[in-house]
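The values are calculated or read from the model by the stated rules, or taken from the named source; none is laboratory data. Since the model is a prediction, treat every value here as computed from it, not as a measurement. A quick note on method: Cβ atoms are made from the backbone with ideal geometry, for glycine too, and the neighbour counts reach across all protein chains shown. With ligands, DNA and RNA removed, areas are computed over all heavy atoms of the protein, side chains included. Shrake-Rupley method; radii C 1.70, N 1.55, O 1.52, S 1.80 Å.
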Amino acid sequence: METKVVINTTSSTEKGVLQTAELYNYVMDTSVYPREHECLKELRAITSTHPRAVMGTSPDVGQFMALLLTTINAKKTIEIGVFTGYSLLQTALAIPDDGKITAIDVNRSWYEIGLPIIDKARMTHKINFIESEALPVLDQLMKDPENKGTFDFAFVDADKDNYANYHERVLELLKPGGIAVYDNTFWAGTVAMDEASVPESKLASRKALIEFNKHIAGDARVQISQIPLGDGITVCRRN
Ligand code: SAM
Ligand code: CA
């Protein structure tokens, strides 16, 4: 019979992980907003009037992504789920001038909302935007030996039902040591709630993310860390 060993009874809140809204605001006001690029601020401001503004990547997640990108000297990246381009611009700003981002989204009109600001930041030349469902594009990329195992970084932030499918393809595309970041792996905290208390609108993606989080935790091909930034991110390093 399996014995449950309790090693440490200290809860995460006792350890001080985002105990209060004030602490979150403190982090944003002290460490995130003062260092946010002017064009990222502008993109966020324009996006804030959009009916689906909530989809924009949280600036603390963006800041951490930029740190990862520069730490690994990322040059060739892929982004699945662009919306108005906050994380895309963040990535473009963090990679070198000859870096390239393959950015995929089913909706080009949302990307075009942010495009004038990406132009203003002089980052457009780094971006290959593909208007499409992501899966067929990833399948196509995988067939090309020039792409397989060559990407330094991936940011996955599209339909949550497909995260496990994206993961399989992203792993093929990343080079060993490459990093993938999956956004929203807390799904507003619902992954740890009783199903009965979860709003109907969140149930399907919650189920997909619970399965994805479990799957990736058991995936020996990657090293992982699930981090409480924004709505939760899972950072994976391909072994
Ligand atoms: N990363 C973006 C940002 O920083 O603002 C937010 C992305 S938003 C949460 C999700 C995006 O995924 C939407 O723009 C949506 O059109 C796109 N999307 C949803 N399903 C998709 C699919 N199957 N293939 C490609 N894009 C998809
Ligand atoms: Ca997101």
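Please give the number of the condition residue 107 fails out of (1) more than 20 Å from residue 183 (Cβ to Cβ); (2) surrounded by fewer than 19 Cβ atoms within 10 Å (Cβ to Cβ).
In the conditions (1) more than 20 Å from residue 183 (Cβ to Cβ); (2) surrounded by fewer than 19 Cβ atoms within 10 Å (Cβ to Cβ), residue 107 misses (1) alone.
Would you check if residue 91 is more than 9 Å from ligand 1 (Cβ to nearest atom), touching a Phe, Trp or Tyr at 6+ places or on another chain (Cβ under 8 Å), under 14 Å from residue 153 (Cβ atoms) and outside any helix (DSSP H, G or I)?
Considered against the rule, which asks whether it is more than 9 Å from ligand 1 (Cβ to nearest atom), touching a Phe, Trp or Tyr at 6+ places or on another chain (Cβ under 8 Å), under 14 Å from residue 153 (Cβ atoms) and outside any helix (DSSP H, G or I), residue 91 comes out as no.
Tell me, please, whether a residue that is within 14 Å of ligand 2 (Cβ to nearest atom), more than 22 Å from residue 172 (Cβ to Cβ), at pLDDT 95 or above and β-branched (Val, Ile, Thr) can be found in the range 118-125.
no
From (1) away from ligand 1 (no atom under 16 Å from the Cβ); (2) in contact (Cβ under 8 Å) with a residue 40 or more places away in the chain, pick out the condition that doesn't hold for residue 195.
Exception for residue 195: condition (2).
Consider the range 223-234. How many of its residues are in contact (Cβ under 8 Å) with a residue 40 or more places away in the chain, in contact with a strand residue (DSSP E or B) (Cβ under 7 Å, 6 or more places away or on another chain) and more than 17 Å from residue 160 (Cβ to Cβ)?
So the answer is 1.
Taking residue 217 and the conditions (1) over 16 Å from the mean Cα position of the chain (by Cα); (2) modelled with pLDDT under 95, which numbered condition does it fall short on, given that it satisfies the others?
(2)
Determine, yes or no, whether residue 23 is modelled with pLDDT of 95 or more and in a helix (DSSP H, G or I).
no
Please enumerate the residues belonging to the range 64-84 that are surrounded by fewer than 24 Cβ atoms within 10 Å (Cβ to Cβ) and assigned to a helix (DSSP H, G or I).
64, 66, 67, 68, 70, 71 - these are the residues of the range 64-84 that are surrounded by fewer than 24 Cβ atoms within 10 Å (Cβ to Cβ) and assigned to a helix (DSSP H, G or I).
Can you find, within the range 177-203, the residue that is surrounded by the fewest Cβ atoms within 10 Å (Cβ to Cβ) among those that are assigned to a helix (DSSP H, G or I) and within 16 Å of ligand 2 (Cβ to nearest atom)?
201
Could you go through the range 67-78 and let me know if any residue there is free of Cβ contacts under 8 Å to residues at least 40 places away in the same chain and not hydrophobic (A, V, I, L, M, F, W, C).
Yes, there is a match, as at least one residue in the range 67-78 is free of Cβ contacts under 8 Å to residues at least 40 places away in the same chain and not hydrophobic (A, V, I, L, M, F, W, C).
Return the residues of the range 111-122 that are free of Cβ contacts under 8 Å to residues at least 60 places away in the same chain and within 26 Å of residue 51 (Cα to Cα); say none if nothing qualifies.
Selection gives 111, 112, 115, 116, 119.
Given the options 206, 237, name the one that is modelled with pLDDT of 95 or more, in contact with a helix residue (DSSP H, G or I) (Cβ under 7 Å, 6 or more places away or on another chain) and open to solvent by 20 Å² or more (accessible area, probe 1.4 Å).
Step by step, each of 206, 237 is checked, and only 206 is modelled with pLDDT of 95 or more, in contact with a helix residue (DSSP H, G or I) (Cβ under 7 Å, 6 or more places away or on another chain) and open to solvent by 20 Å² or more (accessible area, probe 1.4 Å).
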